[in-house]
Every structure is written in structure tokens, then in C-alpha cells.
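Derivation of every value follows stated rules applied to the coordinates shown; laboratory data play no part. A quick note: this is a predicted structure, and the numbers were derived from the prediction, not measured. A quick note on method: Cβ atoms are made from the backbone with ideal geometry, for glycine too, and the neighbour counts reach across all protein chains shown.
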Amino acid sequence: MEMIKAKNIYKSFGELEVLSGVSFNVNQGEAISIIGPSGSGKSTLLRSLIGLEEINSGELYIEGISIKESGKKAYEKMGMVFQGFNLFPHKTVLENLIEAPVVVKGEKKAEAQAKAEELLKKVGLSDKVDSYPAQLSGGQKQRVAIARALAMEPDIMLFDEPTSSLDPELVGEVLTVIRDLAEENITMLIVTHEMGFARDVSDRVFFMDHGKIISDTVPEKIFVNPESERIKSFLTKIL
Ligand code: ADP
Ligand code: MG
């Protein structure tokens, strides 16, 4: 099944055109890495998919239904993890996880709590249920953020540089969690600068430059034999 279909998406901020005709599709269970230089529109693309930015033109279908028809409902099918964690600072880990399921989905608290505990086990943080975000390391915070997104049972997970604000020694624990999700066949779009990870985990890699996807191919192709000088020079700089 086609989980996401984007057709000729345009997005500007004032005079600045940030997405300049982006088209792609993502099938159920695919893990897609999005790479490319800073300012190329990667975050804006993810934010547009989940409705945090309004696109100027183009068509966007989530699970086969145009967002023009489904409206907000489409966004409930997606979870997003940001570079800066975005946890609720005054809530415990458990409270962070049950907030949206209870408030947005109307789940019973006990039910949401049981699910939250299961998810915390999955990301290796069972012992942190009652901790506050400030008491956690960056890697732990990001694992909580992932568990929190999963608590809404999304069909699609969007990650925007989930390890970019972490100390190098904490990157691995977060990538491991994402890698496990990839194996569970959750559909994922991951903006990342971790090229080894992108190569291992992704079914396809999108390379973005100046608001366009200039390459949409399998990782072997882009990393071993990049098709353009632009991609080659980017990879040389980053690796
Ligand atoms: P990337 O994630 O690839 O680094 P972004 O999507 O964050 O790129 O940004 C693309 C361009 O859009 C950049 O030039 C950025 O400064 C600009 N931009 C992003 N968000 C906004 C905004 N809310 N208002 C104005 N300009 C923005
Ligand atoms: Mg970005």
C-alpha cells in the first residue's frame, strides 16, 4: 500500500521558495532516509507532511486519501520526533507518554499507562517512568520522545535529525531504537546526517538540494556510486 504520495509540492516562506516541486511516494514498511545540505528543505518537507507547515501547491495523499479531504485525520496517522526532543518538562516520563493518547484519543488512563510501560521497556527505559526530562541524558530524552510518538500508534514515523543534538557517545542508543523499528516494518522517513546508519537501515535514500529531491534511489547506489557531482561532493564533505 502507498502510505505517502507527494505530487509537485511547493512551499515558500515569503519570497524564499523552500520546496520547489517535490514528488515522491513511500510504500508501507519502507524506511527512507532523507539526506542533503543544510537549508535544502528537509525539515520543511517533514513538517509539511505532518501539517506543521501549509504547502502552497501540490497534492499530498496519506494512505491514499488527499489531505484536502481527510484534513487533520491524516496527521493522526503520523508521529514525529524532533532534533530537540520537545518533551513536556513539567511532566514525568510516564505522563509525557500518556498525555496524547488520553487527551487526543480518549484512551482510558490505565490502558494508556500499560501501553506506555510496554513502550518504555522497548526503548530500554523502564526504570525512568517517574523521572522528569531534566533528569535524563540526551539519548534517554530522545528515546522517550520516540516512545511518546509511538504511544499514538502511528502508521508512519517522521524523524528530523533525531541524533544531531546528542553527544557522540549517545548517538548509538537512539539509532538502535530506530533500527529496531525499521525491522518491525513501520513506515519511516528519517532526516539524518548519519550516513552509515542511512546506508544500513534505508530501503531508499532521498537526496535533497535546493528544495528538490534530486536523487531517489537505493542506498547502495547513492553511497557507492552517486549519480551526480553534487551528491559526490556532499558525501565527501560529510564522511
Ligand atoms: P533543512 O532542514 O534541509 O536544513 P529547512 O527546511 O529547515 O532546511 O529550511 C529550508 C530553508 O527555509 C532555509 O533557508 C530556512 O532558513 C528557511 N526556513 C525554514 N523555516 C522557515 C520559517 N518558518 N520562516 C522562514 N524561513 C524558513
Ligand atoms: Mg532541518
Given the options ILE231, ILE190, ILE238, ILE222, name the one that is aliphatic (A, V, I, L, M) and closer than 23 Å to TYR61 by Cβ. ILE190
Residue match in region 179-194 (condition: crowded, with 18+ Cβ neighbours inside 10 Å, assigned to a helix (DSSP H, G or I) and in contact (Cβ under 8 Å) with a residue 24 or more places away in the chain): yes
Regarding region 1-21, can at least one residue be identified that is closer than 17 Å to THR217 by Cβ, assigned to a strand (DSSP E or B), within 11 Å of ligand 1 (Cβ to nearest atom) and in contact (Cβ under 8 Å) with a residue 60 or more places away in the chain? no
Those residues of region 1-33 which are more than 16 Å from LEU60 (Cβ to Cβ) and surrounded by 21 or more Cβ atoms within 10 Å (Cβ to Cβ) amount to ALA31, SER33
Checked against (1) touching a residue at least 40 places away in the same chain (Cβ under 8 Å); (2) in contact with a strand residue (DSSP E or B) (Cβ under 8 Å, 6 or more places away or on another chain); (3) on the phi < 0 side of the Ramachandran plot, GLY64 satisfies every condition except (3)
Region 197-234 - residue that is assigned to a strand (DSSP E or B) and acidic (Asp, Glu) and, of those, surrounded by the fewest Cβ atoms within 10 Å (Cβ to Cβ): ASP216
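Scan region 154-177 for residues that are free of Cβ contacts under 8 Å to residues at least 60 places away in the same chain and either at positive phi or in contact with a helix residue (DSSP H, G or I) (Cβ under 7 Å, 6 or more places away or on another chain) (or both) and report the count.
Step one: filter region 154-177 for residues free of Cβ contacts under 8 Å to residues at least 60 places away in the same chain, giving 163, 166-177.
Narrowing further to those that are either at positive phi or in contact with a helix residue (DSSP H, G or I) (Cβ under 7 Å, 6 or more places away or on another chain) (or both): 163, 166-167, 170, 173-175, 177.
Matching residues across region 154-177 total 8.
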Is it the case that some residue within region 135-143 is touching a residue at least 40 places away in the same chain (Cβ under 8 Å) and surrounded by fewer than 19 Cβ atoms within 10 Å (Cβ to Cβ)? yes
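When the residues of region 48-75 are narrowed to those that are near ligand 1 (Cβ under 10 Å from one of its atoms) and surrounded by fewer than 18 Cβ atoms within 10 Å (Cβ to Cβ), which ends up nearest to the chain's Cα centre (by Cα)? Even if it seems obvious, please write down each step before you answer.
Quick first cut of region 48-75, residues near ligand 1 (Cβ under 10 Å from one of its atoms) only: 48, 52-53.
Next, only the ones that are surrounded by fewer than 18 Cβ atoms within 10 Å (Cβ to Cβ) stay: 52-53.
Values: LEU52: 13, GLU53: 15 Å.
In this case the residue turns out to be LEU52.
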Any residue that is touching a strand residue (DSSP E or B) at 6+ places or on another chain (Cβ under 9 Å), assigned to a loop (DSSP other than H, G, I, E, B), away from ligand 2 (no atom under 16 Å from the Cβ) and touching a residue at least 12 places away in the same chain (Cβ under 8 Å) - is there at least one of those in region 115-126? no
